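What follows is a short report on a single structure.
The values are calculated or read from the model by the stated rules, or taken from the named source; none is laboratory data. A quick note: this is a predicted structure, and the numbers were derived from the prediction, not measured. Cβ atoms come from the backbone with ideal geometry, glycine included; neighbour counts cover every protein chain shown. Accessible surface is based on the protein model in full, side chains and every heavy atom, while ligands, DNA and RNA are left aside. Shrake-Rupley method; radii C 1.70, N 1.55, O 1.52, S 1.80 Å.
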Amino acid sequence: MGWKAAEKLIRHWKILRGDNVMIIRGKDKGETGLIKRVIRSQNRVIVEGKNLVKKHIKQGEGNTGGIFSIEAPLHVSNVQVVDPVTGKACKVGYKYLEDGTKVRFARGMNASGAVIPRPEILKERKKPRPTSPGSKDTPIELVLEKTYDDKAGIGMPDL
């Protein structure tokens, strides 16, 4: 299994990491699981514990060889988000609530129209934001310094 880029990439993803999805095609059809990883460059997702394939790993320095089961990626068209009310596969739509927040909701023939909550795993950042300024950050004194004033003539080019 080599790496291959998708011919036509999906622009607006409606399936997110941490979503509960149902596999609608393939050997694990009808089973549900959580999305472990989204591979946007290939239009594929990895579902936890599903689409297992055998991988032969050669013995080398620091690792023992053997045959291992790993999760292979599934194409995004082969999975659908599970409706939180009915428990069936449904399409995902977006709408705005009265307070102005944008939410995902279940849509389709068997859908309840309920709001699909954003996965909790997305609230945690993989790389935490730095709390202290780094070596390449501009000091706050230089940022707040006024370098142009039209009325006083500061920073005006000499024409």
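Applying the criterion of being open to solvent by 70 Å² or more (accessible area, probe 1.4 Å) and in contact with an Asp or Glu (Cβ under 6 Å, 6 or more places away or on another chain) to the residues of segment 25-51, the residue that is nearest to residue 84 (Cα to Cα) is 34. Please indicate, with yes or no, whether at least one residue in segment 83-104 is open to solvent by less than 90 Å² (accessible area, probe 1.4 Å), touching a Gly at 6+ places or on another chain (Cβ under 8 Å) and over 30 Å from residue 7 (Cβ atoms). Within segment 83-104, not a single residue is open to solvent by less than 90 Å² (accessible area, probe 1.4 Å), touching a Gly at 6+ places or on another chain (Cβ under 8 Å) and over 30 Å from residue 7 (Cβ atoms). Against the condition closer than 27 Å to residue 25 by Cα, at pLDDT 90 or above and surrounded by fewer than 13 Cβ atoms within 10 Å (Cβ to Cβ), how does residue 117 come out, does it pass? Criteria met by residue 117.
Please go through (1) open to solvent by less than 50 Å² (accessible area, probe 1.4 Å); (2) in contact with a strand residue (DSSP E or B) (Cβ under 9 Å, 6 or more places away or on another chain) for residue 60 and return the number of the only condition it doesn't satisfy. Evaluating residue 60 over (1) open to solvent by less than 50 Å² (accessible area, probe 1.4 Å); (2) in contact with a strand residue (DSSP E or B) (Cβ under 9 Å, 6 or more places away or on another chain) leaves (2) as the failure. If only one of 141, 120 is without any contact (Cβ under 8 Å) to a residue 60 or more places away in the chain and among the acidic types (Asp, Glu), which one is it? Going through 141, 120 in turn, the sole match is 141.
Residues checked against (1) β-branched (Val, Ile, Thr); (2) over 23 Å from the mean Cα position of the chain (by Cα):
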residue	(1), (2)
37	no, no
40	no, no
46	yes, no
51	no, no
60	no, yes
